[in-house]
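Written out below as C-alpha cells is the structure these notes cover.
The values are calculated or read from the model by the stated rules, or taken from the named source; none is laboratory data. From a predicted model like this one, the values you see are computed outputs, not experimental measurements. Here the Cβ is made from the backbone with ideal geometry for all residues, glycine too, and neighbour counts use every protein chain on show. Accessible surface is based on the protein model in full, side chains and every heavy atom, while ligands, DNA and RNA are left aside. Shrake-Rupley method; radii C 1.70, N 1.55, O 1.52, S 1.80 Å.
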Amino acid sequence: MTLKKAPELRKEEIFNAALFCFNQNGYYETSIDTIAAKAKITKGGIYHHFTSKKILFIELFHSVANRYFETLKVKIHQPSDATQHMQELIKKSDEIFDENVDILRFCFEFMALATRDTDIRTAVSDFYKNRVAIFAQTLSDGVDKGMFKDIPADAVARSLYFLSMGFFLTYFTVDIDFDPMTQHTINMKTFMEGIKK
C-alpha cells in the first residue's frame with residue numbers, strides 16, 4: 001500500500017520540478033507535461049493543485065519570494081545601529097543570492113515576463129514594494145537617529161532597489177568580466193558612504 005503525500009509536500013515537489021523545467025527551457029517552452037514528468041506525478045495531479053501553467057508560474061514566484069524574505073528576516077539580527085543594520089541587510093542579501101542562483105535565475109525570467117502580462121506584473125510589483133519598504137524602514141530609522149543624512153528614505157530606498165536590480169540584470173545577461181561579489185561590495189560601500197553623516 002502506498003501512502004498518499006500531504007498536499008503541501010506534493011506542492012513543494014511540483015515547485016521544485018517546475019523551477020528546474022522553467023530554468024532549463026523557459027516559460028513558453030515548458031509544458032505541464034514536462035513538469036509532471038519531472039515531478040513524477042500525473043498531469044491531472046498538477047492541475048489538482050494549479051489550474052494553469054501561469055498560475056503555477058505565479059505561485060512559484062510567490063513561494064520563492066516569500067522564502068527569500070523569511071530567510072532574510074531569520075538571518076538578520078536587529079542591531080540598534082541603523083548603519084550596521086543596513087550593512088547586514090546588504091551582506092545577508094548577497095549570501096542568499098550566492099546560495100540561491102537557481103531561484104534567482106527563475107525570478108529573472110519571471111520579472112522579464114512582467115513587461116507583457118498584467119498578472120505577473122502585479123506579483124513583481126508586490127515584490128518591489130516589499131523590498132523597498134524593508135530598505136526604507138532601515139534608512140528612516142538611520143535618519144531619525146542622526147546616523148544618516150537627511151535623505152528622503154523612500155526615494156533612496158528605490159535607488160538601492162534599482163542598484164541591486166541592475167546588478168541582478170547584469171549577472172544573468174552578460175559575460176561577466178569581473179568578480180560579481182567584489183563589485184557588489186564596492187557598489188554598496190559607495191552607497192553607504194553617500195548616506196552616512
Of the residues that make up region 5-26, is at least one open to solvent by 30 Å² or more (accessible area, probe 1.4 Å), assigned to a loop (DSSP other than H, G, I, E, B) and either among the hydroxyl-bearing types (Ser, Thr, Tyr) or modelled with pLDDT of 95 or more (or both)? no
Please list, ordered by first then second residue, the pairs with beta carbon atoms under 9 Å, 6 or more apart or interchain, first in region 59-87 and more than 20 Å from MET192 (Cα to Cα), second polar (S, T, N, Q) and modelled with pLDDT of 70 or more. VAL64/ASN100; ALA65/ASN130; ARG67/ASN100; TYR68/ASN100; PHE69/ASN130; THR71/ASN100
If you check ALA155 against the conditions, is it at pLDDT 90 or above, in a helix (DSSP H, G or I) and buried (at least 19 other Cβ atoms within 10 Å of the Cβ)? no
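Quick check on ALA136: is it touching a Phe, Trp or Tyr at 6+ places or on another chain (Cβ under 7 Å), at pLDDT 90 or above and part of a helix (DSSP H, G or I)? Break it down stepwise before answering.
On the way: touching a Phe, Trp or Tyr at 6+ places or on another chain (Cβ under 7 Å): no; at pLDDT 90 or above: yes; part of a helix (DSSP H, G or I): yes.
Considered against the rule, which asks whether it is touching a Phe, Trp or Tyr at 6+ places or on another chain (Cβ under 7 Å), at pLDDT 90 or above and part of a helix (DSSP H, G or I), ALA136 comes out as no.
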Identify the residue in region 127-152 that is farther than 19 Å from ALA65 by Cβ and of a type in the set (Lys, Arg) and, among all such residues, is least open to solvent (accessible area, probe 1.4 Å). LYS149
Selection from region 186-197 of residues that are open to solvent by 80 Å² or more (accessible area, probe 1.4 Å) and of a type in the set (Val, Ile, Thr): ILE186, THR190
Positions within region 171-184 being within 22 Å of MET86 (Cβ to Cβ) and either surrounded by 14 or more Cβ atoms within 10 Å (Cβ to Cβ) or in contact (Cβ under 8 Å) with a residue 40 or more places away in the chain (or both), in sequence order: TYR171, PRO180, MET181, GLN183, HIS184
Test THR122 against the criterion of being open to solvent by 30 Å² or more (accessible area, probe 1.4 Å) and either in a loop (DSSP other than H, G, I, E, B) or among the aromatic types (Phe, Trp, Tyr) (or both), and give yes or no. no
Pairs, please: C-beta under 6 Å, at least 6 apart or cross-chain, first residue over 14 Å from GLN84 (Cα atoms) and in region 141-153, second open to solvent by 60 Å² or more (accessible area, probe 1.4 Å)? LYS149/LYS197
